[in-house]
């Protein structure tokens, strides 16, 4: 069990909006202590979310997120007034554990090794060998198969589903969302944008509230009319462009060159892009430009230190979110106001979301139980099984659980299907969460 404090943020104190969702596995005994809450929320918040790329473990991605935040803060300090109509900037990480683009590179390595050229492969990745040494892959159908399989994996990726729900919830809370993906992260950002806004979407969110500024893009486009920076010396992008060409797809061309020589393979988010004398100001300027183009959406869901969000896959169903609070109060559509938190969204038209929140000043230590009930079908439609997803999240990470709710369990008197058990502790004025997903 990993433990995290909710205040593990970059350059921002613990605030109700800065910790929009509470969801990490946080251990510790419950203690009756007061929370160190702000006097007032920061107002209009820009959420800057780093979406990591290939060859990036969680620790490295967290460092990249922190460096991006520090660089952007420094840029804003040097350009006062550049960012318009924003009260606070909050930095987040949308971490991707899958590496769908790794397979083609490993296949290339296997060929180089078979030809006794393994050393040349690593020299190429480090920028010390020519791409002319790459074996001819046009006769290798496995590359095409891998490329097609990659697209299928991406659409069903669990990380992508979590990220998309987070972006949707942030917009529902009235925030601008600016994604800054690196490498394959651009594919995740593009696909998340498609899920949110491409037809058929039942009640589409305002597209003008979500933007993308890509770094070292491995995609052929950047959605949301976004911007991108790719170095001429980026060997990973250049190599992937070869594999993409074999499958008839494209990758955006390079558009940036640093004055000083780029070290290594030219693909590293910090060392090559955020330390570049040309690439850094371009990325920072693109972030400001895109952020200013975005518009703050109407707030429909309240931010909170602890939240739970329910969505489901079909338009016909009416599913209900249930939360039993630490004070033993049961929250549902028939009793939306609890002694600690409140159900502020009860969706009856299908898809969701339904949303429960506790603000910082009212959070109490103890246990919270989160469940879902299949109430009925809209318009007298025949009852079907429904895929329901509940998201509980905090800080840089999220926890989600998806279950199939059987039509035999529908009805207002049915016992909700349990999704999460959450133990809340308060230590030194800061909340900690021990979250258990119920199988």
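Every number here is computed from the coordinates shown, using simple stated rules; none is lab data. Bear in mind that the values here come from a model prediction, so they are computed numbers and not experimental data. FYI the Cβ positions are ideal-geometry reconstructions off the backbone, even for glycines, and counts take in every protein chain you see.
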* Structure fact -> So residue 198 and residue 57, fully extended at 0.36 nm per residue minus their Cα-Cα distance, gain in nm 47.7 nm
* What nm value, rounded to one decimal, do you get for the distance between residue 437 and residue 77 when each label is placed 7 Å out toward the C-beta? -> 4.0
* Evaluate 2.2 N^0.38 Å with N set to the residue count of region 252-372, then give the Cα radius of gyration divided by it. => 1.68
* To do: Note down the nm distance, to one decimal, between modelled labels 7 Å out along Cα→Cβ at residue 255 and at residue 225.
  => 1.4
* Alpha-carbon radius of gyration plus Dmax, which is the widest Cα pair, for region 174-243 in Å -> 13.3, 43
* **Long-range tail of P(r) for region 171-300 (Cα pairs > 25 Å, %)** => 29
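Most exposed first by the Cβ proxy, i.e. fewest other Cβ within 10 Å, how do 302, 287 rank?
Details: 302 21, 287 25.
In increasing order of surrounding Cβ atoms, one gets 302, 287.
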* To do: Quick one: Debye curve from the alpha-carbon atoms of region 311-381 only, equal weights, vacuum; give me log10 I(q)/I(0) at q = 0.24 Å⁻¹ to two decimals.
  => -0.99
